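Beneath this line is the structure, given in structure tokens, with notes to follow.
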Amino acid sequence: MARGEAPARVQTAPTLLIVDDERSLRFSIGEWARDAGLRPLEASGGREALEALRQHSVDAVVLDLKLGDEDGLQVLKGLRDPALPVIMLTGHGTIAHVVGATKLGAYDFMLKPPDLEHLGVVVHRALEHARLRREVEQLRRGSQVDQPLLGESAAIVQVLQRLDKVAKSGATTVLIHGETGSGKELMARYLHGHGARAAGPFIDLNCSAIPEQLLESQLFGHERGAFTDAKHFRKGLFELANGGTLFLDEIGEMVPQLQSKLLRVLEARAFRRVGGQVDIQVDVRVIAATHRDLPREVAEGRFREDLYFRLNVVPIHMPPLRERPEDIPMLAQHFIGRVSSELGRPPARLHPEALRALVAYSWPGNVRELKNLIERVLLLEADDEIRREHLPGEILGRDATRAHALQPFPAGVVRPLAEIEQMAIEHALRVCGGNKTRAAQLLGISRQTLRTKVNDASPEDVSEES
């Protein structure tokens with residue numbers, strides 16, 4: 001089995017590989033490891049160590065610098081894996097050895113025989129470091145594969161132009177306003193991906209999803225013993241996002257005590273872990289987002305005014321989907337393609353009548369609601385085509401009043417087609433608040449055709465918005 005294709009793990013305890021040519025030392029470290037809740041594996045040399053790595057999923061390594069006739073640094077080079085922390089042991093190490101081991105990726109360096117209590121601290125920190133590194137890598141990969149900001153409306157084009165300008169500054173704090181589900185996180189990811197910090201981590205935190213008593217530890221980390229459940233040292237998200245971007249969603253839900261600590265980080269670019277005594281410097285761009293009216297929250301004493309001004313260096317508003325209906329066809333096709341791909345079948349077609357219904361709907365849940373609707377319809381209703389009858393009642397507006405709202409004349413009465421057409425156009429313009437672009441989409445005609453047909457309309461009744 002190749003390295004990196006580790007077998008499925010059946011034990012819950014982390015595995016520690018002990019590589020040393022002294023059997024007694026391997027035994028003592030192994031016994032300590034079992035008592036510490038670890039699963040020890042032993043190897044007397046480099047070849048055995050590599051074989052152990054091929055056969056087992058290993059979480060950390062303790063490696064002797066001198067393995068009989070073998071050079072531990074050469075073994076370290078063979079073990080080299082950024083995700084695998086290696087702690088070097090030596091009975092006669094030099095500065096050159098330490099430097100060489102560090103360059104090859106060693107996590108730490110200790111003298112033999114190691115103090116087992118200190119070894120325990122180092123091993124647990126190494127395991128935590130590896131876990132956090134994996135999480136950051138997953139988050140980084142997630143930021144690269146997430147859906148892009150899509151749309152061709154004037155509103156979304158303006159947003160993208162603003163984001164492109166802000167992205168050029170890698171440190172400016174940004175505050176994104178927008179309704180729930182409108183795409184605030186996508187804006188934050190766009191800013192990160194198009195700026196100087198794109199190669200760094202993107203880490204997001206929903207402030208409303210974390211209990212108040214845990215949020216501080218999540219942001220700033222904690223030292224061992226800082227509180228009852230703090231059995232091990234833990235880095236916070238500010239440290240993990242160093243050199244990259246930290247996105248704080250629903251910042252309006254943060255309690256005042258944490259607001260003051262966040263303000264200090266933004267001002268001083270330094271913080272202390274929970275239970276810590278040392279300031280830690282970080283270089284992190286903070287992007288915050290909220291659906292709340294923060295000026296009102298400030299006026300009513302629920303949000304710090306100084307923090308609001310510090311976050312609101314560059315405000316960006318994400319318009320709700322109902323204000324950019326011309327983006328709905330593109331978004332719908334995007335979600336259809338993605339969901340169809342996940343289901344392993346060709347993209348479904350979207351019937352024009354179904355599209356008209358989607359464009360006419362107000363979308364209180366915004367883009368997220370559209371995405372969820374497409375997924376539900378493709379899973380439960382439609383195979384190769386999404387038709388109007390596949391859409392739920394709230395999209396179609398099936399109550400009797402709306403069903404007969406366009407009835408142009410009573411039974412038995414016949415009117416000229418031109419008159420009926422004019423009635424339909426006037427009704428569409430009323431529904432769309434005079435917006436010609438949206439009215440044309442609902443009527444199934446081009447905007448230019450609609451403009452031609454309403455030449456006699458009063459200018460104050462018809463909007464030229466696009």
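The values are calculated or read from the model by the stated rules, or taken from the named source; none is laboratory data. Predicted, not measured: the structure shown is a model, and the values here were computed from it. Backbone-built Cβ (ideal geometry, glycine too); neighbour counts: all protein chains shown. For accessibility, only protein heavy atoms count, side chains too; no ligands or nucleic acids. Shrake-Rupley method; radii C 1.70, N 1.55, O 1.52, S 1.80 Å.
Extension gain, residue 384-residue 423: 0.36 nm per intervening residue step, less the Cα-Cα distance, totals 10.5 nm. Listed by chain and number, the lysines whose C-alpha is less than 25 Å from the C-alpha of residue 436, apart from same-chain residues fewer than 8 away, are 453. Directionally averaged projected area (the range 185-298, Cα convex hull): 7.4 nm². Packing order of peptides 154-166, 358-370, highest average first: 358-370, 154-166 (average count of other Cβ atoms within 10 Å over each peptide's residues). Dipole check for the range 218-273: with +1 at the C-beta of Lys and Arg, -1 at the C-beta of Asp and Glu, and the Cα centre as origin, the magnitude is about 380 Debye.
At a Förster radius of 60 Å, what calculated FRET efficiency corresponds to the Cβ-Cβ distance of residue 372 and residue 267, to the nearest 0.05?
0.90
From most to least packed by mean Cβ count within 10 Å, the peptides 24-35, 42-53 give 42-53, 24-35.
Treating only the Cβ atoms of Lys and Arg (+1) and Asp and Glu (-1) as charged, compute the dipole magnitude of the range 25-83 about its Cα centre; round to the nearest 20 debye.
Magnitude of the dipole: close to 140 debye.
Extending 7 Å from Cα along the Cβ direction at residue 111 and again at residue 213 yields two label points whose distance is 4.3 nm.
Annotation for the range 266-294 versus the range 171-225: alpha-carbon center distance of 11 Å. Sorting the segments 291-302, 307-318 by their residues' average number of neighbouring beta-carbon atoms within 10 angstrom, most packed first, yields 307-318, 291-302. Placing a label point 7 Å from the Cα of residue 152 along the Cα-to-Cβ direction, the residues of the range 435-455 with a backbone N closer than 13 Å are 447.
With a 1.4 Å probe rolled over the protein heavy atoms of all chains, the accessible area of 442, 417 falls in the order 417, 442, largest first.
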